[in-house]
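The values are calculated or read from the model by the stated rules, or taken from the named source; none is laboratory data. Computed from a prediction, not measured in an experiment: that's the story for all the values here. Cβ placement follows ideal geometry from the backbone for every residue including glycine, while neighbour counts extend to all protein chains displayed. Please note that ligands, DNA and RNA were not included when accessible areas were found on the heavy atoms of the full protein model with its side chains. Shrake-Rupley method; radii C 1.70, N 1.55, O 1.52, S 1.80 Å.
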Amino acid sequence: MASQKVSPAIQKRVDALREKLREHDYRYYVLARPSISDEQYDKLMRELLELEQAYPSLAAPDSPSVRVGGEPTKEFPTVTHGAAMLSLSNTYNEEEVLDFDRRVKSLLGKEPYRYVCELKFDGVAISLVYEKGVLARGATRGDGTQGDDVTQNLKTIRSIPLRLVKEKKGLEDIEVRGEVFMERGEFQKMNEERELAGEKVFINPRNSAAGTLKLQDSKVVAQRPLKFFSYYLRPEKVKLTSHYENLKLLKEFGFPVNEHARLCKNIDEVIEYWKEWEERREDLPYDIDGVVVKVDSLRQQDRLGATAKSPRWAIAFKFTARKKETVLKDIVVQVGRIGTITPVAELEPVFVGGSTVSRATLHNEDYIKELDIRIGDTVVVEKGGDVIPKVSAVVKDKRKSGTKPFQMPRTCPECGSKISRPDEEANYYCNNTECPAQVKARIEHFAHRGAMDIEGLGEAVVEQLVGLKFVYNYADLYDLQKKKSKLEGLERWGEKSVQNLLDGIEESKKKPFARVLFAIGIRHVGAGVAQLLVRHFLSIDKLMKASKEDIDDIPGVGPQIAESVAEFFEDKHNRAIVERLRKAGVQMEEKISKAAKSSPVFGKSFVLTGGLETMTREEAKEQILALGGSVGSGVSKTTDYVIVGEGAGSKLDKAKKLGIKMIDEKEFKKLLGTK
Ligand code: IVH
């Protein structure tokens, strides 16, 4: 197609769109005060992309359209940094920090000096070069002297300005450095989705950020939740005076600067800062592994200079590690309710991050291969913000001779049938649906607190009942009444405990349909998806009749879920069990009262944060569900209301960012119609 002539009107519209998108990126990512919805943003972006496609001569390297990613890169060119990207020397205790301060003091003679303390972000250091105010090049640190040119990928990070939002004389050509990272919550969400989809999981947010920056397809990078904090500014031409002032300048230029940087008059204040953040690090949505201490005056920084590796004007003051080394005694595999085979590390018990750890998940075969984890190895056990222990590395130096790479078993450890790994998936599965491990896991899931919540039906009881062949599947639970006297005769059981169990099972018949749908354990159908399905189809009959396409059409439900729901109900065996549950009196439809249909809660999605005064969160949830609303665990753009209680957490910030309506307990009760 010959490129078309661009009329002034079109040029004007394109300029206006770019201007608007730039402003919204800045508002959203830097100020955290968005003024339009994601949908409105997407609409503007789509219009711009269409115009740029129709008029290729309009292409510009700093157009916000580069945020969506471009053509894949084959290889990243090597770039040489203008000034070496040094690393920091580490200190681990007050003594070492006081030593550092003494050195600074003696080198500066009698001059007074101040420090700036910053958080030490656990991400990837990058350098951004701006020419005439426009982002010209972005690179990784590499070996400090040379790094990879990953400009294309960095441009997709919406908090990195493509051009400076404010011009200052002499400051059009600058280099900015900072850290690219991923928030823990976003990382976990991404990993959960990957795990569910059988894809390779990332080890931690830092690895995930580093891996993402090296991807060849910037369109994929654009989908990943990367963020950026800047902490360094170096102009080509002019000389600046204070690091703390530079942070303010960076903010004016439109860069995200972490809000917790602090000017400290002396080393005692530095130690205070470190103590404070050692305590509070879990409150942050991203990982930090210490604080960075920098001499504030840039002139003094120059005077102090650097060694070959690190500056003399700064140090990293690290936190006590939440990692420890221990010995991997064995790798066992567990079988989940859909037959997923998960390798688990059996460890020499170690005390780390406040508790003793003797087991840790190893996710899947690829994870073990990637880290080359072998039985007998000394490994690093790490506790992340989520407190779930992980084996994060192998200490290769301590490897004993004669260890062999780990081999996944070829058969299920529980039932002996062959296990297989489908193409494109990271997991192995035991395909025998009668496998006792699967049978037990399915019943445990059914009885679980978040599902049918059957009291007295924990792991040990399920094990016993399945072992004695009293139950094969969860529908059998509702026939246990007939075996009452037999049960009473069993070891560890008496009249009272049997009655309690039977009462619990009876009580579960009142559980709303959404819980039932979650409890029956359809792959990929978590509690949230079950609610969406129920809200849409209202009964199991309608859901069973629905086509894959019908299900896929529901917002928040993807093709994978649709496929899996359809597959579940195609199975004769599953349909028979559902019928038995129905006959037993388990809820198979959503009862919608007249009151619910006319309630403002009907069809709306809620997220709770913080504690409520007049009811528990569980009660609030039940009431919302009873009126045909749904309750999610995390705030997203499909959330309608966030109910804000006492001590609300990070969900509040997210809601603010996304511009979601926030209500307090009083307003919530008004919606419920109870006040
Ligand atoms: S300043 C010469 N500030 O720590 C000083 N670095 O070991 C250069 N880092 O490669 C870095 N947070 O990846 C600085 N607030 C912060 C930082 C920070 C994290 C990382 C950065 C750097 C490494 C130095």
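Tabulated results
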| item | result |
| --- | --- |
| Area projected by the alpha carbon convex hull of the stretch 148-234, averaged over all directions, nm² | 6.5 nm² |
| Residues of the stretch 171-310: accessible area per residue with a 1.4 Å probe, Å² | 45 Å² |
| For the stretch 603-675 versus the stretch 168-228, the gap between their alpha-carbon centres in whole angstrom | 30 Å |
| Rel. contact order, % - alpha carbon contacts under 8 angstrom, at least six apart, the chain | 10 percent |
| Trypsin sites (Lys or Arg not before Pro) within the stretch 633-663, DSSP loop, no more than 11 other Cβ atoms inside 10 Å | LYS637 |
| Per the chain, cysteines lacking a partner by the 4.7 Å Cβ criterion | CYS117, CYS264 |
| Cleavage-rule hits (GluC sites (Glu not before Pro)) in the stretch 1-106: DSSP loop, at most 14 neighbouring Cβ within 10 angstrom | GLU75 |
| Sparse-neighbour loop sites [trypsin sites (Lys or Arg not before Pro); the stretch 158-194; at most 15 other C-beta within 10 Å; DSSP] | LYS166, LYS168, LYS169 |
| Equivalent ellipsoid, the chain (semi-axes from 5 times Cα gyration tensor eigenvalues, Å) | 50, 33, 26 |
| Tilt relative to the chain, helix 572-584 - C-alpha long axis, 0 to 90 degrees, to 10 | 70 degrees |
| Accessible area in square angstrom per residue, the stretch 90-153, 1.4 angstrom probe | 47 Å² |
| For the stretch 205-291, alpha-carbon Rg relative to the globular expectation (2.2 N^0.38 Å, N residues) | 1.37 |
| Between the stretch 542-583 and the stretch 236-259, the alpha-carbon center distance in angstrom | 56 Å |
| The stretch 486-627 shape via C-alpha gyration tensor axes, a/c threshold 1.5 | oblate |
| Carbon and sulfur %, accessible surface of the chain computed with the full protein complex present, 1.4 Å | 49 percent |
| Mean accessible surface per residue for the stretch 525-623, computed with a 1.4 Å probe while every protein chain stays in place, in Å² | 54 Å² |
| Diffusion coefficient, µm² s⁻¹, Stokes-Einstein with Kirkwood Rh over alpha-carbon pairs of the stretch 1-152 at 20 °C and 1.002 mPa s | 108 µm²/s |
